[in-house]
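To start, the structure under review is shown below, and the notes come after it.
The values are calculated or read from the model by the stated rules, or taken from the named source; none is laboratory data. Just so you know, these numbers come straight off a predicted model, no measurement behind them. Note that each Cβ is placed from the backbone with ideal geometry, even for glycine, and that neighbours are counted across all protein chains shown.
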Amino acid sequence: MIFNIDLGGNSAKCALIENFEIKSKFFIETPKFEIIENLKKMIDIYFKENSFNWSDIEAISFSIPGAYDKKTESIVFAGNLNWWNYPLLKEAKRIFNFENIFILNDANAATYGEWKKGQNSKPNSMMLFTLGTGVGHGLILDKKLWEGSGKGFASEGGHGGCFAEEELLCSCGVYGCLEAKSSATGIERELNKTDNKKYIESKLGKEFKEIKIIDIVDLFNDEDTVIINIFKECLLPMAKAIGYLQTVLEVEKILIGGGPSNLGNKITEIILDNLKKYTLKSFYENMTIEIANLGNDAGIWGAHYWAVENSKKETFNNKV
Ligand SMILES: [Zn+2]
């Protein structure tokens, strides 16, 4: 059995998986201090209450919202967890008193999970953008998760400046990253600008403290022009990045995940519409953009497959 932990800013999604079947799934609220210590304490309580034993666990996999350097075995930065150069692998091994531990960045985990479990066709190459608090990005090249130079930094396609028209300051400290505009947070920032907020409140006939994407689903589905234009504007920096990346990489498939992807194919239509202007015709005509299939479990599954494939082979009876 493998214990899989998808760590977020405020909570951890945990899943016990055996023979590629989820045996148990639960959430733990995590405080902002001594995160791993507190996580272990809460997991111990859950194990005791539900009669799970650590002796049955063959590996632990972590999906982490931060950049993980494989060489130093440390999280270089994870803003939401307030980790800077945090030696996660060493600390997790000490706190869990467990040797067989594997770590992936959360967007890479979601990409790998989507490729292994969400995509029956197993494309030779694909990339995933996840729209949430930030914009996650992962890349499969030649049927392998692209890890960059070996540090494991790749890929951070939500960052790097250049693509946002406005010089917005991104959470990473760089100006003009697409994340600042194309993330769910960026879309909601736009929805709450004074004129947009007034318009939405008048259309819906009620006042909001803060408008969330979920509040405007009906307006979006009714193709309200103002709402569609807000999405077009917000998704433009990501579309430009896709156009550029596709011109360089020409992957078989581009997938969109995260909260706003629940709005369905209209999201991919908006991105494609934006792309027309920024992509060479031959690339545009052969481009496949789809909504990701796995939803919220993509990270758990990606981390799981990663642990299975990177564990010592003799630990497992089952082959992938
Ligand atoms: Zn950034």
* **Conditions (1) farther than 15 Å from MET127 by Cβ; (2) crowded, with 20+ Cβ neighbours inside 10 Å; (3) modelled with pLDDT of 95 or more; number of the one not met by THR225** => (2)
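Free of Cβ contacts under 8 Å to residues at least 12 places away in the same chain and not in a strand (DSSP E or B) - does that describe any residue in segment 290-308? Lay out the reasoning, then the answer.
Restricting attention to segment 290-308, the residues satisfying the condition of being free of Cβ contacts under 8 Å to residues at least 12 places away in the same chain are none.
No.
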* **Members of segment 167-203 found to be of a type in the set (Asp, Glu) and either within 18 Å of LEU236 (Cα to Cα) or within 16 Å of the ligand (Cβ to nearest atom) (or both), listed by number** => GLU167, GLU179, GLU188, GLU190
* Structure fact -> Residue pairs within 7 Å by beta carbon, gap of at least six or interchain, first lying in segment 173-184 and assigned by TED's automatic domain parsing to the domain that holds VAL135 and farther than 14 Å from ILE256 by Cβ, second of a type in the set (Phe, Trp, Tyr) and more than 8 Å from the ligand (Cβ to nearest atom), listed first then second, are GLY176/PHE163
* Asked: Among the residues of segment 149-163, is any in contact (Cβ under 8 Å) with a residue 12 or more places away in the chain, touching a Lys or Arg at 6+ places or on another chain (Cβ under 7 Å), assigned to a loop (DSSP other than H, G, I, E, B) and within 12 Å of MET238 (Cα to Cα)?
  -> yes
* Only one of (1) modelled with pLDDT of 95 or more; (2) within 16 Å of the ligand (Cβ to nearest atom); (3) of a type outside the set (D, E, K, R) fails for ASN105. Which number is that? -> (1)
* Hey, can you tell me all the residues within segment 122-148 that are away from the ligand (no atom under 16 Å from the Cβ), in a loop (DSSP other than H, G, I, E, B) and either in contact with a strand residue (DSSP E or B) (Cβ under 7 Å, 6 or more places away or on another chain) or among the polar types (S, T, N, Q) (or both)? => PRO123, ASN124, SER125, TRP146
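Quick one: which strands (runs of 3 or more DSSP E) sit completely within segment 1-79 and have at least 3 residues that are more than 23 Å from GLU309 (Cα to Cα)? So that I can check it myself, show each step before the final result.
Details: elements: 2-7, 11-18, 21-29, 59-64, 67-69, 74-78.
Correct list: 21-29, 74-78.
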* Asked: For segment 93-121, which residues satisfy the criterion of being outside any loop (DSSP other than H, G, I, E, B) and polar (S, T, N, Q)?
  -> ASN105, ASN108, THR111
* Asked: If ASN318 satisfies every condition in (1) assigned to a helix (DSSP H, G or I); (2) modelled with pLDDT under 95 but one, which is the exception?
  -> (1)
* Restricting the search to segment 149-166, which residues are surrounded by fewer than 16 Cβ atoms within 10 Å (Cβ to Cβ), within 14 Å of the ligand (Cβ to nearest atom) and not small (Gly, Ala, Ser)? -> CYS162, GLU166
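Here are some residues: LEU168, LEU141. Which one is over 20 Å from LEU7 (Cβ atoms) and at pLDDT below 90? If you could, list the steps in order and put the result at the bottom.
Values: LEU141 fails: at pLDDT below 90.
Residue meeting the stated conditions: LEU168.
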* Asked: So is ILE45 surrounded by 12 or more Cβ atoms within 10 Å (Cβ to Cβ), assigned by TED's automatic domain parsing to the domain that holds VAL308 and not basic (Lys, Arg) or not?
  -> no
